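The values are calculated or read from the model by the stated rules, or taken from the named source; none is laboratory data. Quantities reported herein were computed from a predicted structural model and do not represent experimental measurements. Using ideal geometry, Cβ is built from the backbone for each residue, glycine included, and neighbour counts are taken over all protein chains shown. Remember, those area values only see protein heavy atoms, side chains included, never the ligands or the DNA or RNA. Shrake-Rupley method; radii C 1.70, N 1.55, O 1.52, S 1.80 Å.
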Amino acid sequence: MAASSSLQLAAHRLPSPSSSAVRLPPDARLGIPATPSRRLALLHLGSAMHHEQLFRIKRSRLIRKVKGIEARAAGKTTRQASTTISKEEALEWVKKDQRRLLHVVYHVGDLDKTIKFYTECLGMKLLRKRDIPEERYTNAFLGYGPEDSHFVVELTYNYGVDKYDIGTAFGHFGIAVEDVTKTVDLIKAKGGKVIREPDHVKGAKTVIAFIEDPDGYKFKLLERGPTPEPLCQVMLHVGDLDRAINFYEKAFGMELLCKRDNPECKIAIGTDDVYKTAEAIKLCGGKITREPGPLPGINTKITACLDPDGWKTVLVDNIDFAKELE
């Protein structure tokens, strides 16, 4: 059997208030038509023996009043379309940049049905919706807390597309719940699909179960105590585990939390400067798929890239993102 690797990023937050290569469909937010194909991403690493990697974005100090953010930006000269910096400067920038996981973005065939499942079965809240008729798509944002401090799901419905092929590269999302058995019973009562009944992880005391949402995305329920961030993991498969770890540590500033052996979407990450971030990504072997700059109509500055395995990530300007939430 050929060895395969998978990558898992955890949306881990410090206590306080505060993804085998797959090509994802183009981002609807960029105005590029999406096609029914593989989509997804956010991270849990594993391998044939099933290596799993847990990562954490260094805690962001982004959470502050918008006025304070704007004050910090005041007086800055207009950023250039490109920034030339040395490799050392680029990698040092990654360490200092204020980053946190913002969204996991993926496509669904029936937006209302998916929203109903996430709110009634998984306990998420519908935070906001936006319809962009000229681009023929609608977004819905759901999570367990406000977007300015929590990792949330961004669902995208493209007009007229009611089904997608998830493919084999995406693994699952991880959600922490206090009682897995009760949660599974609720999901069954609501007509949800349970694909693995509650059971202990082999060799551990943790109780888990697996379910599927209406589009076939898998969710792993993990029994844990109360947590401010229940949406805690996303699992992807990667072709070279060490290469993936190196990329996410250096280009994205993540920390390797742990590594253990066990028998199409994208992520959005906040950054203080999309131009410097794009330079660092290039130096670390990533491919820039959208040059840094503002989005038409919204003026939020972003850049998009592919990691060495082809997983897509969008980096979003922190100040612009805070303004979007006003």
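Just the residues that are part of a loop (DSSP other than H, G, I, E, B) and surrounded by 16 or more Cβ atoms within 10 Å (Cβ to Cβ), please, taken from the range 197-213.
Within the range 197-213, ASP213 is the sole residue that qualifies.
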Worksheet item: Restricting attention to the range 109-150, and to residues there that are of a type in the set (S, T, N, Q) and open to solvent by less than 10 Å² (accessible area, probe 1.4 Å), which single residue is nearest to VAL184 (Cα to Cα)?
Response: THR114
Worksheet item: Of the residues VAL161, VAL180, VAL207, which single one is in contact with a Pro (Cβ under 7 Å, 6 or more places away or on another chain), hydrophobic (A, V, I, L, M, F, W, C) and within 30 Å of GLU134 (Cα to Cα)?
Response: VAL161
Practice prompt. Answer with yes or no whether VAL161 is open to solvent by less than 40 Å² (accessible area, probe 1.4 Å) and within 28 Å of PRO228 (Cα to Cα).
Written response: no
Practice prompt. Give the residue, chosen from VAL153, VAL180, VAL194, VAL184, that is among the aliphatic types (A, V, I, L, M) and open to solvent by 10 Å² or more (accessible area, probe 1.4 Å).
Written response: VAL194
Item to complete: Mind listing whichever residues of the range 278-307 are over 22 Å from VAL152 (Cα atoms) and hydroxyl-bearing (Ser, Thr, Tyr)?
Response: THR289
Worksheet item: Given the conditions (1) modelled with pLDDT under 85; (2) touching a Cys at 6+ places or on another chain (Cβ under 9 Å); (3) farther than 26 Å from VAL108 by Cβ, which single one is not true for PHE247?
Response: (1)
Worksheet item: When the range 103-131 is examined, which residues are found to be aliphatic (A, V, I, L, M), modelled with pLDDT of 90 or more and not in a loop (DSSP other than H, G, I, E, B)?
Response: LEU111, ILE115, LEU126, LEU127
